[in-house]
Amino acid sequence: MALAVSPSNCNHHHHRLLDLLNNQCSSMSQLKQIHAHTLRTTSTSHPHTLFLHSRILHFSSLHHLPYALLFFHTHIHHPNSFAWNTIIRACARSTSTHRKHQAILLYLRMLSQGDVAPDKHSFPFVLKACAYLFAMSEGKQLHAHILKLGLASDVYINNSLIHFYGSCGSLQDARDVFDEMPERSVVSWNVMIDTLVQLNQFDDALMCFRQMQQECFQPDSFAIQSILRACAGLGALSLGMWAHAYVLRRCDPQVADDVLVNNYLLEMYCKCGSLENAKIVFERMEKRDVTSWNTMILGFAMHGQALAALEYLRRMWGFKRL
C-alpha cells in the first residue's frame with residue numbers, strides 16, 4: 001500500500017489518508033503505517049486530522065482493542081461523543097470481564113470530564129456491560145441518567161434496559177420498562193419474551209408472544225427460539241407442535257431452515273418425549289451442528305433408547321457400521 005503523498009496541499013493530503021483508511025486499509029499492519037504517516041505529516045490542530053484520528057480509532061477498536069485504547073488515551077485529547085462511544089462499545093463487546101468493567105469506567109470518566117454528555121448511542125453499550133457483570137447498582141444509575149437526559153422514549157435504550165434487568169433477574173423492572181415504552185420494535189418483543197423464558201415464566205412468555213402477534217409484529221427466528229424453549233420448559237407437546245406448525249406455515253423459509261430454530265425444535269420434542277417427531281425434524285435438516293447431534297443423542301439416552309443413541313453417535317463421528 002503506497003503511502004507517498006505530496007504534502008503541498010494539506011486538504012488533499014488529509015483526503016488521501018482518509019481514502020486509504022476507508023477503502024484500502026484491511027489489516028492492523030496497514031493501519032499502523034497510516035497512523036505513523038499521519039503522525040509525521042499532519043498537524044494535530046487541523047480539524048481534518050481530528051477526523052482521521054476518529055477513523056483510526058474506529059478501525060482499531062474493531063480489530064485490536066489494546067491498540068485502540070492506547071490510541072484513545074494518547075492521541076484523542078478532547079474526545080467527542082463518537083470517540084467515547086467507539087471505545088466504550090469496543091470494551092463492552094469484548095469477551096473479557098476486565099474490558100466490560102473498563103466500559104463502565106470509561107463512561108464514568110466521560111461524565112467526570114463533563115465536556116461531552118452521553119447520548120442515545122452511549123447507553124446500550126454500557127448497559128450491555130452491566131448486564132454481563134450483573135451490575136445492578138450501576139445499571140440503575142444508568143437508568144436514572146437516561147431519565148434525567150430525557151431519553152426514556154428511545155426504543156433502543158429501552159430494549160437494552162429490558163435485557164439488563166432480565167439478565168440481573170429483576171423481572172418487575174423489565175416489565176415496567178416494557179409496559180411504559182411509547183414505541184416497540186420486534187426486538188422489544190423478542191427481548192421481553194426471552195427475559196420471561198430465562199426466568200422460567202413460560203406461560204407469560206407464551207402470552208407475550210400472542211400479544212406480539214395481535215399487535216401485528218411478525219415473529220422472527222429469535223422469537224420462535226424463545227417460544228420453543230418455553231414449550232420445552234412446560235413440557236407442552238401440543239403447544240410445541242403448534243409452534244412448529246407456525247414456523248412451517250407462517251414464517252419465512254430462512255426461519256424454518258435456521259439451525260438454531262431446528263435445534264430448539266429437537267430439544268422441545270425430546271423433552272416432551274416425542275422422539276419420532278424429533279427424528280423427522282433432524283433428518284429433514286439441511287444443516288446440522290454439534291448441538292443438533294448432541295440433542296438427539298441425549299434425547300434417546302434420556303428415554304432409555306441406548307441403541308438409537310449409539311447409532312446417532314456412530315453417524316456423528318462418521319464411523320462405518322460394524
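Values as computed for the structure displayed
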| item | result |
| --- | --- |
| The one condition in (1) surrounded by 13 or more Cβ atoms within 10 Å (Cβ to Cβ); (2) of a type outside the set (D, E, K, R); (3) farther than 21 Å from GLN254 by Cα that ALA278 fails to fulfil | (3) |
| Test result for MET296, modelled with pLDDT of 95 or more, among the aliphatic types (A, V, I, L, M) and assigned by TED's automatic domain parsing to the domain that holds GLN218 | yes |
| Pick from segment 253-276, criterion acidic (Asp, Glu) and in contact (Cβ under 8 Å) with a residue 12 or more places away in the chain, ranking: nearest to ALA301 (Cα to Cα) | GLU267 |
| The lone exception for ARG40 - which of (1) over 22 Å from ILE157 (Cβ atoms); (2) basic (Lys, Arg); (3) at pLDDT 90 or above it fails | (3) |
| Residues within segment 102-137 that are polar (S, T, N, Q) and under 17 Å from GLY150 (Cα atoms), tallied | 1 |
| Filtered residues of segment 115-139 (kept if of a type in the set (A, V, I, L, M) and either crowded, with 17+ Cβ neighbours inside 10 Å or within 12 Å of HIS163 (Cβ to Cβ) (or both)) | VAL116, VAL126, LEU127, ALA129, ALA131, LEU133, ALA135, MET136 |
| Odd one out for ARG288, checked against (1) under 10 Å from ASN263 (Cα atoms); (2) in a helix (DSSP H, G or I); (3) not polar (S, T, N, Q) | (2) |
| Residues that are within 30 Å of ARG40 (Cα to Cα) and not in a helix (DSSP H, G or I), drawn from segment 75-134 | ILE76, HIS77, HIS78, PRO79, ASN80, ASP115, VAL116 |
| Odd one out for GLY235 among (1) touching a residue at least 24 places away in the same chain (Cβ under 8 Å); (2) buried (at least 18 other Cβ atoms within 10 Å of the Cβ); (3) among the small types (Gly, Ala, Ser) | (2) |
| Residue match in segment 152-175 (condition: more than 18 Å from ARG93 (Cα to Cα) and touching a Pro at 6+ places or on another chain (Cβ under 6 Å)) | yes |
| Positions within segment 150-180 being acidic (Asp, Glu) and either under 17 Å from LYS128 (Cα atoms) or surrounded by 23 or more Cβ atoms within 10 Å (Cβ to Cβ) (or both), in sequence order | ASP154, ASP173 |
| Pick from segment 78-114, criterion of a type in the set (Ser, Thr, Tyr), over 23 Å from VAL155 (Cα atoms) and touching a residue at least 24 places away in the same chain (Cβ under 8 Å), ranking: surrounded by the fewest Cβ atoms within 10 Å (Cβ to Cβ) | THR97 |
| Residue within segment 216-230 that is in contact with a Cys (Cβ under 9 Å, 6 or more places away or on another chain) and either without any contact (Cβ under 8 Å) to a residue 24 or more places away in the chain or charged (D, E, K, R) (or both) present | yes |
| Residues that are surrounded by fewer than 24 Cβ atoms within 10 Å (Cβ to Cβ) and more than 10 Å from TRP189 (Cβ to Cβ), drawn from segment 201-217 | GLN201, PHE202, ASP203, ASP204, LEU206, MET207, ARG210, GLN214, CYS216 |
| Residues of segment 235-267 satisfying the condition of being aliphatic (A, V, I, L, M), modelled with pLDDT of 90 or more and more than 15 Å from SER292 (Cα to Cα) | LEU237, MET241, ALA245 |
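The values are calculated or read from the model by the stated rules, or taken from the named source; none is laboratory data. Fair warning: this is a prediction, and the values are worked out from it, not measured in the lab. Virtual Cβ from ideal backbone geometry, glycine too; neighbours counted across all protein chains shown.
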